[in-house]
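Structure, as structure tokens:
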Amino acid sequence: MTRDVTVRDVGPRDGLQLVKAVVPTQVKLDWIAADRGAGLPEVEVCSFVPAKVIPQFADAIEVATEAAGIGGLIASALTPNLKGAEIGFKTGIQKINYVMSVSETHNQSNVRRTREESLEGFKAIIALRDAEYPGVSIGIGLATALGCTFEGRVPEAESLKWLGKVLEAGADEVALPDTVGYAHPAQVRSIFAKAADICGDVPLWSHFHDTRGLGIANALAALEAGCTRFDASLAGLGGCPFAPGATGNIALEDLVFLLEAEGLKTGIDIAALAKPRAIVEAALADEPKHGHVLQAGLPKGFVPSSAIAAE
Ligand code: ZN
């Protein structure tokens, strides 16, 4: 089917990185498969980081290898360095997302490198892809592009400067994540409109955390500014190890409801999201779960605006 907007579940990566209970590999794979069953076109399935850093991802190779084989799914994985990318490439995964921070202090805390060193690392990954893994897409997330717990406000011009640098380096896709949930709609409208211009044909992703309750409002602001790609996590799981108090990503269920109500085709069956949600609820009984739509149910007689327009 044709899709107007793309929604990616980053729950198996962003959602799980702070969760202490290690989720069994098969449960992760059932979750990812159930996402695909509900129509999700893309899932970020793991992070290639050493198990001693984040034990949750000790099974990253197995998860990525299996997820890469799920029909019709784009499986992506996060990596902060070339070593992680080398491991990722060998799994056959379709997309590698590199991460660096616009804020120097956050980058040092997160990956113990300067931003320039991180940029060089990104170029090395692209060079390796070009030489040996030509089919793999290389994205990059500019963490703290919308605010930083160490440095506070991150100037828009600084984020756009780094956006220009990573595009010049050859990024296939770029994300401007609100890593710590500082963003508000006016800020999002402004930066996403400019970023969309700078990106041209290069896909631009949004990634909002709902730390201060503005996540869904920010997603709508990004949409209005021309963004058509959205990260979210099932049940609103997620956080950042270096963002004290950071809560989860926006709840995927609520985001899909918003987008469909706006008349946009996501390709996702909201009701069918109950299946991966049930898997997550069973596996993470002690973790806080969010998302209003699946708890309250869809409004009686809800029909996506796109379907009404077609009547
Ligand atoms: Zn995040």
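Taken together, the values in this text are just the output of simple stated rules run on the coordinates, not laboratory data. All of these numbers come straight from a predicted model, not from anything done at the bench. Note that each Cβ is placed from the backbone with ideal geometry, even for glycine, and that neighbours are counted across all protein chains shown.
Mind listing the long-range amide H neighbours of Arg8? Cut-off is under 5 Å, sequence gap 5 or more, other chains count too, H placed in the peptide plane at 1.01 Å from N.
The list, which skips near neighbours in sequence, is Phe230, Asp231, Ala232.
Run the helix sum for the chain: -39,500 (n - 2.57) per DSSP H stretch of 4+ residues, divided by residue count, reported at 222 nm to the nearest 500 deg cm²/dmol. Intermediate results must be reported in sequence, preceding the final value.
On the way: 12 runs with 126 residues, N = 311.
The helix-only estimate for the chain comes to -12000 deg cm²/dmol at 222 nm.
Excluding residues on the same chain fewer than 8 positions from Lys123, give the aspartates and glutamates whose Cα lies under 19 Å from its Cα.
Candidates past the 8-residue exclusion: Glu86, Glu104, Glu132, Glu168, Asp172, Glu173.
Along the charge dipole of the chain, pointing to its positive end and built from +1/-1 on Cβ of Lys, Arg, Asp and Glu, which listed residue (Ile70, Gly238, Ala183) has its Cα farthest out?
Of the options given, the answer is Gly238.
Order these peptides, 49-58, 25-34, 251-260, by their mean beta-carbon neighbour count within 10 angstrom, highest first. Could the numbers behind the result be given before it?
Values: 49-58: 15.7, 25-34: 19.5, 251-260: 25.9.
With the highest mean Cβ count within 10 Å placed first, the list reads 251-260, 25-34, 49-58.
Which one, Val99, Phe57, Val27, is farthest towards the positive end of the dipole of the chain when Lys and Arg carry +1 and Asp and Glu -1 on their Cβ?
The listed residue farthest towards the positive side: Phe57.
With +1 on each Lys and Arg Cβ and -1 on each Asp and Glu Cβ, how big is the dipole of region 6-310 about its Cα centre, in debye rounded to the nearest 20? Before the final figure, lay out each step's value.
Numbers: 26 positive and 36 negative charges, 53 e Å.
Roughly 260 debye for region 6-310.
Short version: ³J(HN,Hα) in whole Hz for each residue of region 144-155, in order, from phi by Karplus 6.51 cos²θ - 1.76 cosθ + 1.60 (θ = phi - 60°), x for Gly and Pro, what are they?
6, 4, 10, x, 9, 5, 8, 9, x, 5, 9, x
Based on the mean of other beta carbon atoms within 10 Å per residue, what is the order of 109-119, 79-89, 125-135, 172-182, most packed first? Numbers along the way, then the final one.
Details: 109-119: 17.0, 79-89: 20.8, 125-135: 14.3, 172-182: 24.5.
The peptides rank, most packed first, as 172-182, 79-89, 109-119, 125-135.
Over all directions, what mean area does the Cα convex hull of the chain project, stated in square nanometres?
Working: hull surface 58.3 nm².
Answer in nm², one decimal: 14.6.
Past the 23 Å Cα-Cα mark, which pairs from Lys165/Lys194; Lys194/Lys265; Lys161/Lys194; Lys20/Lys90?
Values: Lys165/Lys194 15 Å; Lys194/Lys265 25 Å; Lys161/Lys194 11 Å; Lys20/Lys90 28 Å.
Distance filter (> 23 Å) returns Lys194/Lys265; Lys20/Lys90.
Once R0 is set to 45 Å, what does the formula 1/(1 + (r/R0)^6) return for the Cβ-Cβ distance between Lys194 and Val303, expressed as a FRET efficiency to the nearest 0.05? Write down the numbers at each step before the final one.
On the way: r = 35 Å, r/R0 = 0.78.
So, using R0 = 45 Å, E works out to roughly 0.80.
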